[in-house]
Amino acid sequence: MNNQEIILDVKNLNTSFISDRKQVDIVKSVSFQVKRGTTLSVVGESGCGKSVTMNSIMRFLGSNARVSADNIQYNALRDGEITEYHLETYKKSNGPEMRALRGPDMSMVFQDPMSSLNPVYKVGDQVAEGLIQHTGMGKKEAREKVLELFRKLGIPDPESRIDCYPHQFSGGMKQRVVIAIAMICNPELIICDEPTTALDVTIQAQIMELLKDLQVNEGKSIVLITHNMGLVAEMADEVCVMYMGRVVEFGSLEDVFDHTSHPYTKALLRSVPVLGLADGQILETIPGITPNPADIKGGCDFADRCPDCTERCRQGVIPAFEIAKGHRVRCLKYDSFPEVNG
Amino acid sequence: MMRRKIALILSVALAVGMLAGCGAKGEDKKTADSTKTESQVEKGTLKLAVTTGDGSSTDDKIPTPWYNRVMATNLMFRSLFVADSSLAKASPDLADSYEISEDGLTYTITLKDGLKWSDGEALTTDDVIFSINTALKAATINSIYTAAFANITELTADANVITMKLSTPYADMINVLAQFAILPKHALENVDPLKLDTDTFWTQPITSGMYAFDELSVGNYFTLKVNENYEGTAPKITKIINYFVSDYITAAQSGNADYMFANAADQVEAMNKMDGFDSHEVNVLFYKYFLFNMKGVDGNQNEAMQDVKVRKALIEAIDRATLSTLYPSATVLNSGVPNEDKAYNGFEYKYDEEKAKKDIEASGYDMGRTLKICYYNNDQTSIDLINTVVHYLEQAGLTVEATLSNDGTTDLFTTRDYDIGFKGKSAFSMNEWYTEYMSGDALFGNVFGGDTAFDELIAQLSAATDEKESNEILKKLQDLEQEKVYKVPAFTVGTYVYTSKNVTIPDGVEFCNTLYSCDLDFENWEVK
Amino acid sequence: MLKFILKKLLMIIPMLLLISMIVFFGLQMTGVDPINFMVSPETLSANANNVEALRESLGLNDPLIVQYFHWLGNCLHGDFGYSFDGSAIASIIAVRMPYTFELAGYSLVLSAIIGIGIGIISAIRQNGIIDYVGRVLAVLGQAIPQFLVGIILIQFFSIKLGLFPSGNRVSPEATNTFVDAFVHLFLPVLTLTIGMVAVLMRYARNTMLDVLNSDYIKTARSKGIPEWKVYLKHGFRNAMKPVLVILVFRIPMLVGGSVVIESVFSYPGIGLTMTNAITSGDYPVVLVTTLIIAAVMLICSFMVDVFNALLDPRVRLGE
Amino acid sequence: MSDSTTVSIKNQNKSAASSLLKKNIRKFMNNKLALFGLIVVVIMTVACVVGMIVGVDYNTPNLTALKTPPGGEHILGTDTIGRDLWARVLYGGCYSIFIGVFCAVMSSVIGAILGAISGYFGGKIDQLIIRISEIFQAFPQLVLVMMLVAIVNKRGLSNLLVIFVLTGWMTTFRMVRNEFMSLKGETYVKVCEAFGMKKSRIMFNQILPNVMSPIIVSTTTNVAFFILQEAALSFIGLGVADSTPTWGNILNAAKSVSVVTNQWWVWVFPGLAISLFVLAINFLGDGLRDVLDAKQQ
């Protein structure tokens, strides 16, 4: 795969937090790639490190976070030219290099639209702010652009809504505004961190539709963080399953859904409620509880909950094996396959 | 972690540095003082401080002269006579001459010619008569004036001669007149005498002394300038600034007072340690004394204090000699007459803890009851003194409770919820101490229960003009007061006057009781 | 909005009336006779009759209710009456109020700039050196009793170094009123500021930290705008509201509560006037100064409501 | 549902709670300033109480040994009438700490109760209590103190306590009220209401525990506030009677300029005692906030 095809390439990303003067590892040697013009879904239970991984890439973490990686490479495609950015080399989280990328190149849609908007400014101004910052556009012109985007995002009566404050918007509309903020500079990569979790189901569908449209019509690359397997099935081209800060399975939608390999992914898929569950059929749950990241032992993190656990699973670091092209699984069951990084 | 430590050390060091800075300030104060005085003091300007901290004066008008006299009012307001430093001899001031009849009942006082107020109006006998008559109606006035003037039966003037007739002889009359400031009739005749001391007159007074009022800045200062209408020698100091301050010592330290006085131990100690000041000890009759409450709460009999043995025993339990060390040059005394005075009768209250204990028990005093002490001076030395007194009485086996009163007059003389009161009195003369025993005294009569035993002797005393005669009467009064034990003096407190080194005082000047007025030869004072 | 403001404003009147009543009758209940403050125990007075006449002329013998309504009626005509020591209260207030406002104003501005400034820097550079020094100094400033700070400052700056006068507000030798004001205000303002900076700094820091943890700060960062814009435009603007509330509520504390400082520095402000009036039983003055302080408090409370409305669109747009 | 499961859930909750407690304690221990605060507060309180129980002689003047500098027989020297300063500071600590703790706790209790009532019921009661709190807030504390002192005609400890409590409950009240207003909309409150639980039970057993941490934090810092307030009132002569050796009364010696310049120990030690205690209490309060306040974690 080349730079033309891959928009984001992450290798061996580690993130830890200092809490109580102790270092707690949250993300451990995570590697994945996002292909240009596709959607990558990152799935996993709450607290598995999905959001932290993405925030590590965008460098949105606080001062108590330590991020290191072999490679976080963003390949921008401008006028057919590829420019490589090595995000891991930028020392300052909020330095000029990172800031130049945020907005015009990569942007993020956050989980809770209720709190993601600044309550004291008009939504139009909040959307225009990034545009003015990056293009130096005048206020009037920016306003036109914002109106245009609002129309595109299906915000009704944009001319009057643009001068409203966030508290005058409903949840779904707020999320559209958040998406507008992410979209206004026309970035190539949009990271959506559980964009619909806080919304009710009908709104969820509308928002997802919107994102899908954007990806298909405008060729955006999307990273969709979610724990909703239904959404994954609907949206994703590729899937990255995470558990306890590690990528346990990575592959295309078919690889992961049809050739499910890792015991955790299997358990995860079995626990998805399906409409029209047959009588007597019981929804499965994953036995045991998620361990606390602060007291992790060696071996496979899933060992305690895994039906196929063996003695070997409890020792050392479990490597990933490529069981098919682009389908990597971190499980010793597949140790006959070639070991790969990530 | 390191940063945190550095920060902590840094901030603590800063704080300690500041504390240390003022803790160790004794040594290099001299330099600070000298530089300051050079830079700040204008030539020919004297700085005075008027304290507002003790509630005796307010900072929105100048002090009035009819209650206590302070330096500033002494320079502005004159009396018919001017006293010497003993306050017991006077020579004419506004008066040109005077005569007293043989029987001591008629005073003929001739006023100087051509006297003028600072506004140019003539100062006449009208002003004198107005002042004396008004004083009798005023509410806030030192009682030495009302006690003296109450004897006047007739007061007339003919041209510049005043004739004053008395009902009974009053030996101190001339000395009292030497303190009594004459006020301008033309500015005050329409003022209600009861509210005289609060009139707006005091924000821009018309004066008779060598200085005239110049300017008042409320809460900050008032200034005096030379009175052009003053007929005597013009003073060498051309301007006087009076700062309203909350603390004399701070004012002196920061160079805002060239003249001040002190009578509390800590003030004297602080002033003596300052290099920029000369100290002058002044002989005054400043009594600190205990009084026993015979009447009890709201005038009901205070049973516990009725027995004179109890009262005597309580005094025996208090070591007044040791208490006196809290005050500068305090002298223990046993009556209204100082021990070294010719009139002293020789009696002594002795401190004897053991005897006091026995005497109290023998008197049948209920040891379980709480003895209440009431005092009203809130300076540290008074508080210290009372705490020590409480300790002595506790040593004698009593339960004691001391209350600081915010409202001395009410608590001591109206509410009367106490057994022993503690008071101070800066007396004009010994006679003033004894007039407190008068059965008709508006205040003390309430406490001592209107005992008439003293009245006769006191009347004789105020009429006595002969020293020998008055000494005899004083001895009798002492015997009587030591028999009755209504009030017991602890000691008299020495007062010190301090003048800054910037001020040159002419030779031979002696300071008098600082709450009264006397001749200080002020026109010859100089300021560097 | 206008209706809201009017309603709030009108609420002040009954509150003030109530307070005036409480103070008026409360003072009477104390049973302390003001006359006794006017005539000192040192005077062994033979003038009992004069005193009685004075009492009558001051209207102290009327029934309480009559006295109250008499007083209230006069107040409504702008006549606040006379202090027992004779000055018109209106003129006392006219002289002292500006001094107090001056002292309070400078202290407020200075401590707001320093306190909020350090607080915000502390929050932004959490656990940095400024944060630690600021926090420790702030707590120190809060821990030392204010009068002690004042006394120490006088001893150090005024007496040892001779840099500033030890008290008062105006000096008679002043040639330049600005310099005069500066030297007289410096120490009392510094003393008040030391105490207040601590409170403001801690509060600003905590609020700012809360705000900086909010999601919209992340949103702001995701736009790629410069950090100072994130902090000031998005952070500070949101932290400002609670900080402003605290700041405004400091005003009445400064006006009525700088009593201690005014007495340490013999600064002729309203607080000192009130304390002197309290200790000398000058009830008319106590009454009026209490009401002024209460009014300042109520006005500040009203201002807080208005600020809230102005700063927060949720309130402003009428909910 | 069987008993065994109930117990097990209870146990589970218990163990979760105890692990949270452990975690909080650990967190607190790691906060050096807070730990310092706690240790200082405990040491000073214990020292003062022990001093009082042992009955150190704080009250015997010795006019032959007044103003003795620190060292020798008197560790901290003697005051202006020769009383041992060390004993006085210890004894005074008892009074000052008592004043601080009592007033802080009482005003929190009153503030919490009124805040709960006001926030939970809302409407007219709320309006009434708010008005009352505004009146109290608008009142200068000095005037209240003066009125009470004059009415009772005694500058006793109880006066001061009453005034401090009366004028101190408003901040807690506002805080609790606001919390109650937002919490009463929570589902668990609705559930309790649906079960027909008594209102007082809902208020104090269900909602109040959720507001406890900010109350605890503000109570802690109020202790410091009241101790300072006592000192300030003593300074202008409206505090506790002079015979009661509170820290404020001892520190009053600093009113005399001569003491300030010549007998530093007379005011530095009580001053240090106040400052150190207040400092420690503030650190402790900050530490508690960090531990208890979820938002700052």
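Bear in mind that the values in this text are calculations on the coordinates, not laboratory data. A quick note: this is a predicted structure, and the numbers were derived from the prediction, not measured. As a convention, Cβ positions derive from the backbone with ideal geometry for all residues, glycine included, and neighbour counts pool all protein chains shown.
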| note | Per the charge dipole of the protein assembly as shown (beta-carbon charges, Lys/Arg positive, Asp/Glu negative, Cα centre), the residue among C:Ile270, D:Gly72, D:Asn178 reaching farthest to the positive end is D:Asn178
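Can you figure out the FRET efficiency of B:Asp214 with B:Ala157, using R₀ = 41 Å and their beta-carbon distance, to the nearest 0.05? Walk me through the intermediate numbers first.
Values: r = 32 Å, r/R0 = 0.78.
So, using R0 = 41 Å, E works out to roughly 0.80.
Of chain A, which part is the longest with no trypsin sites (Lys or Arg not before Pro) in a loop (DSSP not H, G, I, E, B) and with at most 15 other C-beta atoms within 10 angstrom?
Details: sites that count: A:Arg21, A:Lys91, A:Lys92, A:Lys297, A:Lys325.
The longest uninterrupted stretch comes out as A:93-296.
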| query | Over chain B, what is the mean sequence separation of C-alpha contacts under 8 Å (at least six apart), divided by residue count, expressed as relative contact order in percent? | reply | 20
| Who wins for biggest fluctuation among C:Ser166, C:Ser301, C:Ser91 in a Gaussian network model of chain C, springs between alpha carbons below 10 Å? | C:Ser91
| said: Just to confirm the number: angle between the C-alpha axis of helix D:32-54 and the first principal axis of chain D, 0 to 90 degrees, nearest 10? | reply: 60
| remark: Helix D:123-138 sits off the longest principal axis of the Cα atoms of chain D, rounded to the nearest 10 on a 0 to 90 degree scale, by 10
| request: Kindly provide the helix-only [θ] at 222 nm of the protein assembly as shown, computed as the sum of -39,500 (n - 2.57) over DSSP H runs of four or more divided by all residues, to the nearest 500 deg cm²/dmol? | output: -15000 deg cm²/dmol
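Going by how many other beta carbons lie within 10 Å of each one, how would you line up B:Asp59, B:Asp126, C:Asp305, fewest first?
On the way: B:Asp59 25, B:Asp126 14, C:Asp305 19.
Going from least to most buried by this count: B:Asp126, C:Asp305, B:Asp59.
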| Between the helical axis of A:123-135 and the dominant principal axis of chain A, each derived from Cα atoms, what acute angle in degrees is found, rounded to the nearest 10? | 90
| request: Using amide H atoms built 1.01 Å from N in the peptide plane, name the residues 5+ places from B:Gly44, or on other chains, whose amide H lies under 5 Å from its own. | output: B:Val527
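Assign one of three labels to the protein assembly as shown, namely rounded, prolate or oblate, based on the Cα gyration tensor with a ≥ b ≥ c the square roots of its eigenvalues; rounded applies when a/c is under 1.5, prolate when it is not and a/b is larger than b/c, and oblate otherwise.
Values: a/c = 2.81, a/b = 2.39, b/c = 1.18.
Note, shape of the protein assembly as shown comes out prolate.
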| note | Among B:Ala257, B:Gln204, B:Ile182, the residue whose Cα sits farthest towards the positive end of the charge dipole of chain B (+1 at Cβ of Lys and Arg, -1 at Cβ of Asp and Glu, taken about the Cα centre) is B:Ala257
| request: Would you give the gap between the C-alpha center of segment A:16-51 and the C-alpha center of segment B:372-436, rounded to a whole Å? | output: 80
| remark: Whole-Å distance linking the alpha carbon centroid of segment B:219-296 with that of segment A:143-157 is 81
| message | If I model a spin label at A:Glu218 and D:Ser18 as a point 7 Å from the Cα along the Cα→Cβ vector, what separation in nanometres do I get? | response | 5.6
| segment B:129-150 and segment D:156-209: distance between their alpha carbon centers, rounded to Å | 64
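Which value, in debye to the nearest 20, gives the size of the charge dipole of segment D:83-296 about its Cα centre, when Lys and Arg are +1 and Asp and Glu are -1 at the Cβ?
Numbers: 16 positive and 11 negative charges, 96 e Å.
Using Cβ point charges on Lys, Arg, Asp and Glu, segment D:83-296 gives about 460 debye.
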| remark: Taking placed amide H atoms and a strict 5 Å upper bound, the residues 5 or more places from A:Val239 or on another chain that come that close are A:Ser41, A:Gly251, A:Ser252, A:Leu253
| remark: Applied in sequence order to segment A:143-150, the curve 6.51 cos²θ - 1.76 cosθ + 1.60 (Karplus, θ = phi - 60°) yields integer Hz couplings, x standing for Gly and Pro, of 4, 4, 4, 4, 4, 4, 5, 4
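Take each complete run of DSSP H in chain B, measure how far its Cα atoms stretch along the helix's own axis, and keep only those covering 20 Å or more with mean Kyte-Doolittle hydropathy at least 1.0; list them. Display every interim value, and only then the final one.
On the way: long enough: B:2-23 (31 Å, 1.42); B:380-395 (22 Å, 0.05); B:467-484 (25 Å, -1.78).
Result, helices passing both filters: B:2-23.
Is segment A:114-186 best put as rounded, prolate or oblate by its Cα gyration tensor, with a ≥ b ≥ c the root eigenvalues, rounded for a/c under 1.5, and otherwise prolate when a/b is larger than b/c, oblate when not? Mind dumping the intermediate values first?
Details: a/c = 1.60, a/b = 1.41, b/c = 1.14.
Here segment A:114-186 falls in the prolate category.
Can you tell me the relative contact order of chain D? Whole percent, Cα pairs under 8 Å, sequence separation 6 or more. Walk me through the numbers on the way to the answer.
On the way: 386 pairs, mean separation 76.1, N = 297.
That works out to 26 percent.
Cβ neighbours within 10 Å, averaged per peptide: list A:193-206, C:93-106 in order, most packed at the top.
Working: A:193-206: 17.3, C:93-106: 19.8.
Output ranking for A:193-206, C:93-106: C:93-106, A:193-206.
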| field | Largest-first ellipsoid semi-axes for chain B, taking √(5λ) over the Cα gyration tensor eigenvalues, angstrom | value | 39, 37, 20
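Output the DSSP H helices from chain C with an along-axis C-alpha extent of no less than 27 Å and a mean Kyte-Doolittle hydropathy no less than 1.0.
Values: long enough: C:2-29 (41 Å, 1.97); C:89-124 (49 Å, 1.69); C:177-212 (44 Å, 1.31); C:237-257 (30 Å, 1.20); C:283-311 (41 Å, 2.17).
Sorted by number, the helices that extend far enough and score high enough are C:2-29, C:89-124, C:177-212, C:237-257, C:283-311.
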| query | What residue among D:Thr261, D:Thr220, D:Thr45 has the largest mean-square fluctuation in a Gaussian network model of chain D, using Cα springs under 10 Å? | reply | D:Thr261
| query | Can you tell which of B:Ser439, B:Met71, C:Leu163 lies farthest toward the positive end of the dipole of the protein assembly as shown, using +1 and -1 charges on the Cβ of basic and acidic side chains (Lys, Arg; Asp, Glu)? | reply | C:Leu163
| field | Rounded to whole Hz, the Karplus (6.51, -1.76, 1.60) HN-Hα couplings of segment B:227-232, x for glycine and proline | value | 7, 6, 8, 6, 7, x
| query | Amide H neighbours of B:Leu115 under 5 Å, counting only residues 5+ apart in sequence or on other chains, H built in-plane at 1.01 Å? | reply | B:Leu123
| Counting DSSP beta bridges with both ends in the protein assembly as shown, the antiparallel % (nearest 5) | 75
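Can you tell me how chain C classifies by the Cα gyration tensor, rounded, prolate or oblate, using a/c under 1.5 as the rounded cut? Spell out each step's value before the answer.
Values: a/c = 2.93, a/b = 1.60, b/c = 1.83.
Oblate.
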| said: Residue by residue through segment B:172-180, what is 3J(HN,Hα) from phi via Karplus (6.51 cos²θ - 1.76 cosθ + 1.60, θ = phi - 60°)? Round to whole Hz and write x for glycine and proline. | reply: 8, 3, 5, 5, 5, 4, 5, 9, 6
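Just rank B:Tyr349, D:Tyr188, D:Tyr91, fewest to most, by other beta-carbon atoms within 10 angstrom.
On the way: B:Tyr349 19, D:Tyr188 12, D:Tyr91 25.
Least crowded to most crowded, the residues run D:Tyr188, B:Tyr349, D:Tyr91.
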